[in-house]
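As structure tokens, the structure follows; a few thoughts come after it.
Read the figures in this text as sums done on the coordinates, not as results from a lab. A quick note: this is a predicted structure, and the numbers were derived from the prediction, not measured. Cβ: placed from backbone, ideal geometry, glycine included. Neighbour counts: every protein chain shown.
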Amino acid sequence: MMKCLRIFLPALLLVFGLATVLAESAPEHVCETKNGTSCEDCLKNVSCLWCIKTKSCVTYPVQTILPPHSLCPLDDARWGLCWMNFQTLIITLSVLGAVLIIALMVCMFCCCKCENFGSQRFEAKMQRQANKTKTKQDERRAEMNKRHQEIRQKYGLNGPNPYARFS
């Protein structure tokens, strides 16, 4: 579990850091000066939004996150790429983000689950080997005691152990 947190926490901090840096960037150029030009000229500045319907270049409204319909419909809005409308861009980025989050969650689940499962399996295997070794050792000890007992009987040494009083 701690290993998963060591991987997940820096990744989460990186994402939040990038989001903060990108959110703080303020437009330096006024996009409205590029009205009547082409989409490519307008979108050279990242803070600009091109509207095909009105052929105007406007400053992207960062306060509302999505541009309002009164400014430009999403089907006609272009941001970043002239060949992809804003609606398609939002859907594509949402799907990619969701896939990335799901992949991250599956990876975290598998790493943590497999790590714990593997260690439990390893511990069970070691326990089985220890039990097997102990059983063999007990069998050998019993067999050795039996042989010693046979030797004592053979030579008539079944009496009390003369060294027992020293222990």
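Please determine whether any residue of region 131-154 is part of a loop (DSSP other than H, G, I, E, B), of a type outside the set (A, V, I, L, M) and loosely packed, with under 10 Cβ neighbours inside 10 Å.
No.
If you scan region 40-56, which residues turn out to be over 14 Å from PHE86 (Cα atoms) and either aliphatic (A, V, I, L, M) or in contact with a Lys or Arg (Cβ under 6 Å, 6 or more places away or on another chain) (or both)?
Within region 40-56, ASP41, CYS42 qualify.
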